[in-house]
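Worksheet: one structure, shown below.
None of the figures in this text is laboratory data; all of them are computed from the coordinates on show. Only a predicted model underlies this, so the values are computations on that prediction, with no experimental measurement involved. Ideal geometry is used to build each Cβ from the backbone, glycine not excepted, and the neighbour counts take in all protein chains shown.
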Amino acid sequence: MGDTALGVIHQRIILEAKRYLTFTSLSAKETALALAFDDPSCFTRFFKQKTGMSPLGFRALQKISMA
């Protein structure tokens with residue numbers, strides 16, 4: 001317990017974003033739109049705030065770790 005409803009929603013959005021970035025070839029912009037972000041730069045800021053890295057940085061790291 002202890003997570004707020006908003007915190008749980010944010011965790012779910014990040015989980016879905018990571019899934020898109022890892023398992024699809026969608027661009028960061030397309031991923032943002034798929035997750036209902038009107039502005040891709042807002043998605044990038046949100047992702048970086050929650051994970052400490054950019055969406056493209058995360059994707060690059062995943063490709064390295066899966067190789």
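Backbone N atoms of the stretch 24-49 closer than 13 Å to the 7 Å Cα→Cβ label point of SER65 are not found in any residue.
Using the Cα coordinates of the chain, the gyration tensor eigenvalues translate into equivalent-ellipsoid semi-axes of 20, 15, 10 Å, sorted from longest to shortest.
Number of Lys-Lys pairs in the chain under 14 Å by Cα, sequence gap 8 or more or different chains? If you can, show how the numbers build up before the last one.
Values: LYS18/LYS29; LYS18/LYS48; LYS18/LYS50; LYS18/LYS63.
Eligible lysine pairs with Cα atoms under 14 Å apart amount to 4.
When shorter helices are ignored and each DSSP H run of at least 4 residues is given -39500 (n - 2.57), the per-residue value for the chain at 222 nm works out to -23500 deg cm²/dmol. For SER27, no residue whose modelled amide H falls within less than 5 Å of its own remains once neighbours fewer than 5 places apart on the same chain are excluded.
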